[in-house]
1. Return yes when Leu216 is of a type in the set (A, V, I, L, M, F, W, C), open to solvent by less than 10 Å² (accessible area, probe 1.4 Å) and either under 25 Å from Met21 (Cβ atoms) or touching a strand residue (DSSP E or B) at 6+ places or on another chain (Cβ under 9 Å) (or both) and no when it is not.
2. Considering only residues of the stretch 26-48 that are of a type in the set (Gly, Ala, Ser) and open to solvent by 10 Å² or more (accessible area, probe 1.4 Å), which is nearest to the ligand (Cβ to nearest atom)?
3. If a residue must be surrounded by fewer than 17 Cβ atoms within 10 Å (Cβ to Cβ) and within 16 Å of the chain's Cα centre (by Cα), how many such residues does the stretch 99-108 contain?
4. May I ask you to verify whether Gly57 is touching a Pro at 6+ places or on another chain (Cβ under 9 Å), near the ligand (Cβ under 10 Å from one of its atoms) and in contact (Cβ under 8 Å) with a residue 12 or more places away in the chain?
5. As an exercise: evaluate Val78 against (1) more than 15 Å from the ligand (Cβ to nearest atom); (2) without any contact (Cβ under 8 Å) to a residue 12 or more places away in the chain and give the number of the one condition it does not meet.
6. Of these, Leu96, Leu89, which one is more than 10 Å from the ligand (Cβ to nearest atom) and either surrounded by 15 or more Cβ atoms within 10 Å (Cβ to Cβ) or at pLDDT below 95 (or both)?
7. Do you know which residues across the stretch 190-234 are in contact with a helix residue (DSSP H, G or I) (Cβ under 7 Å, 6 or more places away or on another chain), assigned to a loop (DSSP other than H, G, I, E, B) and away from the ligand (no atom under 16 Å from the Cβ)?
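The values are calculated or read from the model by the stated rules, or taken from the named source; none is laboratory data. What you are looking at is a predicted structure, and each value in this text was computed from that prediction instead of being measured. Cβ coordinates were reconstructed from backbone atoms using ideal geometry, including for glycine residues, and neighbour counts include every protein chain displayed. Ligands, DNA and RNA are stripped out before the accessible areas are found, and what is left, the full protein with its side chains, is counted by its heavy atoms. Shrake-Rupley method; radii C 1.70, N 1.55, O 1.52, S 1.80 Å.
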Amino acid sequence: MEVVSDTFEDLPPPVHVAIIMDGNGRWAKARGLPRVAGHKRGAEAVRTAVESCKSIGIKYLTLYAFSSENWKRPATEVDDLMGLLRHYLSREIKQLDKSGVCLRCIGEREGLAKDIIRLIEDAEEKTRHNTELTLQIAVNYGGQNEILNACRSIAREVADGKLSVDGIDDDTFTSHLHTAGVPDPDLLIRTSGEKRLSNFLLWQSAYAELVFVDTLWPDFSKDELIRVIDEFHSRDRRYGNSSG
Ligand code: FPP
């Protein structure tokens, strides 16, 4: 078996990794199981990803758990996904806190069940001083909506005379996004072979390296993450500059 090293020959790991966790349904279908079984294994892969990121030294991990478009799925599947989130927020927060993880949820709170909102608020409050890894879970999240809301809020500040039109810059804008205070992702991974952003971190991913892997999310392992980071290290990040 191939031995995978996570030292990256002294190259620093990406600071912020964002993941579109895709392929739970296909993982289940391939085994003749109901979709919920794929989501359950997907939730286990979340635990693996958090542990892997911590041990590699990644400081921010953002996971796309439920998009604002996912409400269109059958009610039973939405319930299953919300149930898994509830379980994660209530049962695992102690362990996350103990291991130094700061948890934040990005996305619209409106539309979520009241008990889930409470669990999110409790988890955020309990873990807010932790510095090992910031885990952002995107729930009821849509990038276009996030940008529209930022525009509305900035427009309101201009109308109230708190901000001038010429005073609107990059920093003003990013401070109005759900991810305020978190650096933009360096690396954005999508599993399952699909090659789309699906409304995820549209503003924030302007200079992210995109890596698409065929592995279905429930099978995404630490070794695979290390391989993706090796690929990230092989890229020439120029931020609009010319090549050397
Ligand atoms: C996409 O796979 C996955 C989702 C829409 C949900 C992701 C949720 C989890 C990994 C579990 C819960 C998360 C947490 C944080 C506890 P898909 O269902 O679209 O797969 P398919 O394209 O193969 O049908």
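1. Values: of a type in the set (A, V, I, L, M, F, W, C): yes; open to solvent by less than 10 Å² (accessible area, probe 1.4 Å): no; either under 25 Å from Met21 (Cβ atoms) or touching a strand residue (DSSP E or B) at 6+ places or on another chain (Cβ under 9 Å) (or both): yes.
The answer is no for Leu216.
2. Ala43
3. Taking the stretch 99-108 first, the residues surrounded by fewer than 17 Cβ atoms within 10 Å (Cβ to Cβ) are 99-100, 108.
Still in the list and also within 16 Å of the chain's Cα centre (by Cα): 108.
The qualifying residues number 1.
4. no
5. All conditions are met except number (1).
6. Answer to the selection: Leu96.
7. Leu202, Trp203
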